[in-house]
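Just so you know, all these numbers are worked out from the coordinates, no wet-lab data involved. From a predicted model like this one, the values you see are computed outputs, not experimental measurements. Note: ideal-geometry Cβ built from the backbone for every residue, glycine included; neighbour counts use all protein chains shown.
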Amino acid sequence: MNKKIIVFVTTFVMLIFLLSVSCEKKSAKSSGIASVLSASECSEITYTKNIEPIIRTSCAIKDCHAAGSPNNNLTGYPAVKAIGDNGSMKAYVLDGNPYFMPKGGQLSPEEKELVQCWLNNGKKE
């Protein structure tokens, strides 16, 4: 009877330890950008510094929204601001309405947060 209790307690303690270690590793991976930007941090988001790199690597690529493609050319601030102004960026990128963009895979939560801040704070260049 005592052996069963010892085995149970040992197993339980090891399980708790493993769960706590896996949570720490997960948190460390996602610590690159805060999960919720403050209002002052959001107000500092600009197209050039934050949004253009996302557009360049996820949207304005061959066969998507690059120069010369049949789709909207998203290679410059005026075009990206226009889709921000008309609601297309929010609809497709943030809401998935009628489907999520980019087609190759959704943006990360951090990238979506940057886009949301940019849209909500005047779409600064």
- Radius ratio Rg over Rh of segment 39-120, counting only Cα atoms, Kirkwood formula for Rh: 0.93
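Tell me, what is the FRET efficiency for Val36 and Lys3 to the nearest 0.05, using R0 = 30 angstrom and their Cβ-Cβ distance as r? If you can, show how the numbers build up before the last one.
On the way: r = 49 Å, r/R0 = 1.63.
Here the calculated transfer efficiency is 0.05.
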- Assigned charges on the beta-carbon of Lys, Arg, Asp, Glu; segment 39-120 dipole about Cα centre (debye): 280
- Message: Quick check on segment 42-88: take the gyration tensor over C-alpha atoms, sort the square-rooted eigenvalues as a ≥ b ≥ c, and tell me if it's rounded (a/c under 1.5), prolate or oblate.
- Response: oblate
